[in-house]
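Q: Here you go, one structure.
Where a number appears in this text, it was derived from the coordinates with a stated rule and is not lab data. Predicted, not measured: the structure shown is a model, and the values here were computed from it. Note: ideal-geometry Cβ built from the backbone for every residue, glycine included; neighbour counts use all protein chains shown.
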Amino acid sequence: MPHPNYAIDEMISAKSIAARIEELAREIRTEFADTDKLVVVGLLRGSFVFIADLVRELDLAVEVDFLEASSYGDGMESTREVRILKDLRGQIEGRDVLIVEDIVDTGHTLAHVTKFLGSRKPARMKTIALLDKPARREVDFKASYIGFEIPDEFVVGYGIDFAQRNRNLPFIGKVRFIDES
């Protein structure tokens, strides 16, 4: 249910998301065809819907783990200070790893997380983001796989929230603020 001060306009439909995930899964299966087991690391909380749908499309042996990093809090702007709130439970040294992110905005979070996990010496490490906002990039970072490139809009849905609301929308929606003055 939208907050009274904003409305949500559909930007990317649930059907488009599902089709793109099938395409991405094919690319990932090809790249990791020789793996014993792919460790799929979801960045909480925004990636949980994406990771669930993605791993169901991967015809590979997968292990799922989660890491929680934050640079937003409840606001709309990144603080640019990335904090690790929850670390992985398993080991990734010598293993193939795919880091799953909901959206690459400034790039600070994914750049920090790849450096953090890269220090643990995985065999291979790739990244995937459902959404990419290159207009907002502040650090030189590009995900290995990208679902959709979007303009500089504030979005919600499909796991992405605004102050813990709207994660449950089946589509990606653009937030439109309503001026009540």
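Q: Tell me the relative contact order for segment 74-181 as a rounded percent, counting alpha carbon contacts under 8 Å between residues six or more apart. Don't skip to the end; give the middle numbers.
A: Numbers: 169 pairs, mean separation 24.9, N = 108.
So the answer I get is 23 percent.
Q: Under 8 Å for C-alpha pairs, at least 6 residues apart: give me the relative contact order for the chain, rounded to a whole percent.
A: On the way: 358 pairs, mean separation 47.9, N = 181.
This gives 26 percent for the chain.
Q: Sum -39500 (n - 2.57) across every DSSP H segment of at least 4 residues in the chain, then divide by the residue count to get the 222 nm mean residue ellipticity, nearest 500. It would help to have the intermediate numbers written out before the result.
A: Values: 3 runs with 39 residues, N = 181.
Result for the chain: -7000 deg cm²/dmol, rounded to the nearest 500.
Q: Continuing with the same structure: Starting from one equal scatterer on each C-alpha and no solvent at all, send me the Debye-based log10 I(q)/I(0) for segment 9-104 at q = 0.13, 0.15, 0.18 Å⁻¹, two decimals.
A: Scattering profile of segment 9-104, log10 relative to I(0): -0.52, -0.68, -0.92.
Q: Computed from the mean reciprocal separation of all distinct C-alpha pairs, what Kirkwood hydrodynamic radius does the chain have, in Å?
A: It works out to 16.7 Å.
Q: Determine the distance separating the Cα centre of segment 115-168 from the Cα centre of segment 15-33; give it in Å without decimals.
A: 16
Q: Out of Val64, Gly94, Tyr145, whose Cα points farthest toward the positive end of the dipole of segment 14-151 (charges: +1 Lys, Arg; -1 Asp, Glu; placed on Cβ)?
A: Going by the Cα projections, it comes out as Gly94.
Q: On full extension of the chain, what length is gained from Lys121 through Ile84, given 0.36 nm per residue of separation minus the C-alpha to C-alpha distance? Please report the intermediate quantities before stating the final value.
A: Values: separation 37, 0.36 × 37 = 13.32 nm, distance 1.82 nm.
So the chain would gain 11.5 nm between Lys121 and Ile84.
Q: Say the cut-off is 32 Å between C-alpha atoms; which of Lys15/Lys37; Lys15/Lys126; Lys37/Lys174; Lys15/Lys115 go over it? Don't jump to the answer; show the numbers that get you there.
A: Numbers: Lys15/Lys37 29 Å; Lys15/Lys126 25 Å; Lys37/Lys174 36 Å; Lys15/Lys115 34 Å.
Over 32 Å apart, Cα to Cα: Lys37/Lys174; Lys15/Lys115.
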